[in-house]
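The values are calculated or read from the model by the stated rules, or taken from the named source; none is laboratory data. Quantities reported herein were computed from a predicted structural model and do not represent experimental measurements. So basically every Cβ, Gly included, is an ideal-geometry build from the backbone, and we count neighbours across all protein chains shown. Heads up: the accessible areas ignore ligands, DNA and RNA and are worked out on the full protein's heavy atoms, side chains in. Shrake-Rupley method; radii C 1.70, N 1.55, O 1.52, S 1.80 Å.
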Amino acid sequence: MFSFSNLAVPLAFFLRLVQAAFSPITDCDEVFNYWEPLIYIIGYFHLLTPSTFPIPIPIPIPIPIPIPIPAFQTWEYAKEYALRTYAFLTPLHLVSKSILFSEVITLHEPLMFYGLRSVIAAFTAYTEVNYARALSTRLNSPTIFTFFLTFSILSPGMFHASSAFLPSTICMQLFLQSQTAYLENCRRKAIFWGMVCILATGWPFVGVLFLPLGLECVLHAYNENGVKRAISMILFAVVAASATFVAVLGIDYAYYGRLVVPTFNIFMYNAIGNAESEGEGGTGDDLYGVEDWKFYIKNLLLNFNCILLLAGLMPFACIFGKNKNKNKNDTKTLLTILAPGMLWVLLTFSRPHKEERFLFPVYPLICVAASITMVKLCRNKFVVYVLLILIGGLSESRKLALHKYYFAPLSVYGELHGVISSRGGQGGTVKVCVGGEWHRFPSHFFLPENSALHFLKTGFGGQLPQHFGPGGSRETAMQSFNAMNREEEERYEVGNIGECDYVVVLETEGDEVLAQVEEAGVEFERIIEHDFLDAEKTSALGRILYLPYISDSYNVYAKYSVYERQAKILE
């Protein structure tokens with residue numbers, strides 16, 4: 001007999017892959033701290049190992065690369081700071097080797113980016129479906145399976161969280177894996193996934209998420225077979241943590257050339273700051289801006305609309321809804337899987353520096369709580385359908401807005417890749433220049449091998465990334481990096497805009513780069529343009545939702561453009 005669960009698996013995978021193709025990049029950290037270093041290590045091994053060998057050498061050869069690999073390095077990957085772990089990049093590195101081995105796609109192609117992004121999205125779909133099945137089986141409620149997947153796939157928050165190459169997304173996936181194992185009574189497996197999440201992603205703060213599960217596992221073992229069983233469970237956790245730690249330590253030693261523990265370094269940096277901050281104010285936690293608690297509330301409402309409201313009603317639903325207090329084990333299960341969400345909210349809301357991606361790990365728990373509310377309170381099918389239509393309409397309108405308003409950089413750089421490839425590279429490296437729009441660069445996957453991005457001097461005033469040196473993170477201390485976001489003049493390798501072959505600019509009123517283009521004394525011609533929302537001139541409602549044939553009549557768009565220098569160096 002046909003059921004929704006039969007359709008759920010292919011539908012979830014299909015929709016996640018579609019979303020991976022149309023979701024914009026919402027955080028420049030994703031590009032400069034993860035995609036760019038990944039490009040570097042892919043290129044490094046591709047030069048050192050035979051192209052026919054699909055598995056990378058486990059330890060990088062400590063020799064400089066004679067051919068420069070266009071990829072950016074942030075100060076977090078500098079040897080003297082070592083805040084980022086290369087272990088986080090390793091799984092996608094292995095996947096990329098398989099893709100390059102197929103010789104269908106080369107390294108510097110947008111298709112490589114979308115291929116790797118699709119792998120992340122597919123794994124999210126896998127974890128979602130498995131979690132939904134385990135949860136519905138444990139609670140003996142097939143309806144929860146349907147509601148959870150519906151809310152998760154519809155929500156705008158999961159739209160971009162599901163395919164982002166960020167520790168918060170990978171932690172969300174591993175957290176779901178751990179909870180799925182717990183729901184299937186595989187507690188040791190749950191602990192293993194927890195240790196991988198805490199120690200191998202470079203995001204140790206997620207340890208808070210696993211406190212309730214760890215406590216439940218030890219108490220369950222004690223109730224099952226006394227102290228001996230509880231000690232056995234604790235020892236297993238120690239062994240899992242030790243094995244993961246050693247593996248990560250080895251990977252980071254290979255890339256940094258010395259024993260470093262980035263997981264510890266980033267924890268200390270965010271907890272107490274660093275030596276450079278002494279006397280200057282600001283620490284790792286608040287250096288890049290602070291927000292109050294309302295920032296997260298606004299973002300959650302944007303990303304979950306009515307789903308968030310349903311989740312907030314869950315305690316009321318559990319007390320007054322149908323099947324209340326039917327099974328004490330169900331109550332314990334719900335506490336174990338939902339308590340991490342409350343702990344995470346307490347942690348993230350209390351920190352001064354707030355970013356939307358910090359909430360990714362608990363996005364699925366919002367969908368769980370909303371699903372329970374629907375099961376316990378909504379007995380009228382008409383009400384259920386009305387709610388689902390409302391949620392679906394708001395969610396799809398928001399997702400359309402994200403794509404329509406902010407996808408232009410991916411489209412522009414994708415077209416630019418084709419233009420540069422068609423021109424050839426006989427005259428040296430093609431210089432693609434950018435000013436204030438540096439933070440929307442989608443990575444060197446979008447530039448051919450014979451080109452690289454360069455920064456133009458604007459009023460930004462902060463620290464920009466620099467190209468990886470021949471030795472990568474193994475290079476000795478470089479004075480051009482600092483931990484205080486101070487501007488480094490060495491980043492501006494292009495003396496004036498006349499040296500640029502192509503210039504990428506968002507054409508807004510008063511833009512510094514656009515003014516430089518007009519005053520360059522060299523003829524530039526606009527060759528690519530896409531609409532990008534001018535947020536300052538568009539109403540709040542216009543920024544939040546997109547209604548076909550209506551929004552375009554009221555919204556204001558700027559041109560996200562590429563200008564080509566007519567007297568190019570290439571010729």
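Is there a residue in region 372-384 that is without any contact (Cβ under 8 Å) to a residue 24 or more places away in the chain, out of contact with any Gly (no Cβ under 6 Å at 6 or more places or on another chain), of a type in the set (A, V, I, L, M, F, W, C) and buried (at least 19 other Cβ atoms within 10 Å of the Cβ)? Yes, the conditions are met somewhere in region 372-384. Would you mind stating whether S395 is under 15 Å from G312 (Cα atoms) and surrounded by 21 or more Cβ atoms within 10 Å (Cβ to Cβ)? Against the criterion (under 15 Å from G312 (Cα atoms) and surrounded by 21 or more Cβ atoms within 10 Å (Cβ to Cβ)), S395 does not qualify. Selection over region 331-364 of residues that are among the small types (G, A, S) and open to solvent by 20 Å² or more (accessible area, probe 1.4 Å) gives a count of 2.
The requirement of being within 30 Å of F175 (Cβ to Cβ) and in a helix (DSSP H, G or I) is fulfilled nowhere in region 412-425; no residue meets it. Regarding region 473-484, can at least one residue be identified that is in contact with a strand residue (DSSP E or B) (Cβ under 6 Å, 6 or more places away or on another chain) and open to solvent by less than 40 Å² (accessible area, probe 1.4 Å)? No - not one qualifying residue is present in region 473-484. Consider region 519-539 and keep the residues that are more than 30 Å from the chain's Cα centre (by Cα) and under 30 Å from S553 (Cβ atoms). The one that is most open to solvent (accessible area, probe 1.4 Å) is R526.
Per this entry, A237 is not counted among residues that are of a type in the set (G, A, S), modelled with pLDDT under 95 and surrounded by 17 or more Cβ atoms within 10 Å (Cβ to Cβ). Among the residues of region 287-319, those that are assigned to a helix (DSSP H, G or I) and of a type in the set (A, V, I, L, M) comprise I297, L300, L301, L302, I307, L308, L309, L310, A311, M314, A317, I319. Against the numbered list (1) of a type in the set (V, I, T); (2) assigned to a helix (DSSP H, G or I); (3) open to solvent by 30 Å² or more (accessible area, probe 1.4 Å), V513 comes up short only at (3).
Residue by residue, here is whether (1) without any contact (Cβ under 8 Å) to a residue 12 or more places away in the chain; (2) among the hydrophobic types (A, V, I, L, M, F, W, C); (3) out of contact with any His (no Cβ under 6 Å at 6 or more places or on another chain) holds:
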residue	(1), (2), (3)
C217	no, yes, yes
A221	no, yes, yes
G226	yes, no, yes
A230	no, yes, yes
M233	no, yes, yes
Y255	no, no, yes
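Within region 73-131, the residues that satisfy the criterion of being among the hydroxyl-bearing types (S, T, Y), in contact with a helix residue (DSSP H, G or I) (Cβ under 7 Å, 6 or more places away or on another chain) and over 29 Å from G471 (Cβ atoms) are Y114, S118, T124, T127, Y131. Criterion applied to L38, L47, L17, L11 was being under 16 Å from A161 (Cβ atoms) and either part of a helix (DSSP H, G or I) or modelled with pLDDT under 55 (or both), and the one residue passing it is L17. The number of residues in region 342-362 being over 18 Å from L213 (Cβ atoms) and in contact with a Gly (Cβ under 7 Å, 6 or more places away or on another chain) comes to 1. If only residues of region 492-510 that are in a helix (DSSP H, G or I) and open to solvent by less than 40 Å² (accessible area, probe 1.4 Å) are counted, the one that is nearest to Y413 (Cα to Cα) is I497.
Note on region 435-463: residues that are within 23 Å of the chain's Cα centre (by Cα), surrounded by 19 or more Cβ atoms within 10 Å (Cβ to Cβ) and not in a helix (DSSP H, G or I) total 5. Among the residues of region 78-106, those identified as open to solvent by less than 20 Å² (accessible area, probe 1.4 Å) and out of contact with any Phe, Trp or Tyr (no Cβ under 8 Å at 6 or more places or on another chain) are T85, A87, S96, L100.
So for region 97-110 (the condition being within 21 Å of the chain's Cα centre (by Cα) and at pLDDT 95 or above), does at least one residue qualify? No, region 97-110 has no match at all.
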